[in-house]
Amino acid sequence: MEQPPGTADPQYPSHVCKLRKALYGLKQAPRAWFDRFSIFLLQYGFFGSLANPSLFIFHSNSDTLILLLYIDDILTGSSAPLVTNLIQLLSSEFAMKDLGPIHHFLGIEITQTPEGLHLSQSHYALTVLERAGMVDCKPMSTSLEAKTKTTTNDILLQDPHVFRGLVGALQYLTLTRPDISYSVNFISQFMHAPTIIHFKMVHRILRYIKGTIDTGLNFTSHSTLDLCASPMQIGQVALQQDAPQPDTAHSLAAISFHGVAGARAPQRRLATAEATFCASCVRCCVLEIILDLIIKL
């Protein structure tokens, strides 16, 4: 380790510099920033969520203040007085700007309605369609055919980068579009060696998104706190044919959480157990966050 050029001390050439303030571009900067911000919140009565380290919760009498930190973007929500006090508190310690009611966050459009919030990614979906050159495509009513068949003799794509890029973009779209979770999960299994048939499946999903581009999630303020989670294993879908179909001889292992699909694994007992475990872990994180908000009231 050497002293930076132009700042070397001739009297102590073998000494190193002590970092007093974390700067952008340094590897220590994100950790130093998060430590400083979290310590500041903990001093004022916040506590961190066990399921999400970036989620902080504060209880005051009958009100609850929730703060979500993403790098240097802060998302908070609660009663107006608590939010106002929080903004004043943060402004006294950090240089910040109040952007008002939320409209966009990480590519997700948030619309406030009389019943609650509507989350969608219509602008992001349009960007994906533009990327694929399918803005003016004909919409489809379903995202995947009822009986999808592929064989090992299908022609491989010469350049799979476009396929992989579109599938990756669709995976992020499933945040507010659980209706395409299964379809995207299905085509994601062929990222290593996609064929022309698989690329046509991606086009069908994009055509379905074209017709449902404004679809999203609704969160109402009058929803109950009842949790509905049920692990399930969806039988075998192997086809009885002369030659086995590697992409259809699977068992579906999933856990449904308000209708959200889980993971899919090959037709082996161990892989099925792993898929069920992975899906359960994701749902348990959601349950832990909700329990943090309920139990500590």
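The values are calculated or read from the model by the stated rules, or taken from the named source; none is laboratory data. Remember, predicted model here, so these are calculated numbers, not experimental data. Neighbour counts are summed over all protein chains in view; Cβ atoms, including those assigned to glycine, are modelled from backbone coordinates with ideal geometry.
List the pairs whose first member sits in segment 86-109 and is loosely packed, with under 11 Cβ neighbours inside 10 Å, whose second member is at pLDDT below 85, and whose Cβ atoms are under 7 Å apart, counting only residues at least 6 apart or on separate chains?
Taking only residues 6 or more apart or on different chains, the pairs are P101/Q112.
crowded, with 20+ Cβ neighbours inside 10 Å, in contact with a Leu (Cβ under 7 Å, 6 or more places away or on another chain) and either over 16 Å from R131 (Cα atoms) or not polar (S, T, N, Q) (or both) - does that describe any residue in segment 164-175?
No, segment 164-175 contains no residue that is crowded, with 20+ Cβ neighbours inside 10 Å, in contact with a Leu (Cβ under 7 Å, 6 or more places away or on another chain) and either over 16 Å from R131 (Cα atoms) or not polar (S, T, N, Q) (or both).
Of the residues F40, F46, only one is surrounded by 15 or more Cβ atoms within 10 Å (Cβ to Cβ), of a type in the set (F, W, Y) and either at pLDDT 85 or above or in contact with a Pro (Cβ under 7 Å, 6 or more places away or on another chain) (or both); which?
F46 is the lone residue from the list that is surrounded by 15 or more Cβ atoms within 10 Å (Cβ to Cβ), of a type in the set (F, W, Y) and either at pLDDT 85 or above or in contact with a Pro (Cβ under 7 Å, 6 or more places away or on another chain) (or both).
Give segment 189-205 a look and list any residue that's modelled with pLDDT under 90 and either closer than 23 Å to H123 by Cβ or under 17 Å from the mean Cα position of the chain (by Cα) (or both), or say none.
none
Can you pull out every residue in segment 197-227 that is farther than 22 Å from D136 by Cβ and among the aliphatic types (A, V, I, L, M)?
I197, L217, L225, L227
Given L75, L65, which one is surrounded by 14 or more Cβ atoms within 10 Å (Cβ to Cβ), under 22 Å from P101 (Cα atoms) and modelled with pLDDT of 80 or more?
The match here is L65.
Restricting to segment 110-125, what's the tally of residues that are of a type outside the set (G, A, S) and surrounded by 15 or more Cβ atoms within 10 Å (Cβ to Cβ)?
6
Please find, within segment 206-239, the residue that is modelled with the lowest pLDDT out of those that are under 14 Å from A132 (Cβ atoms) and under 19 Å from the mean Cα position of the chain (by Cα).
Going through the qualifying residues, I end up with I213.
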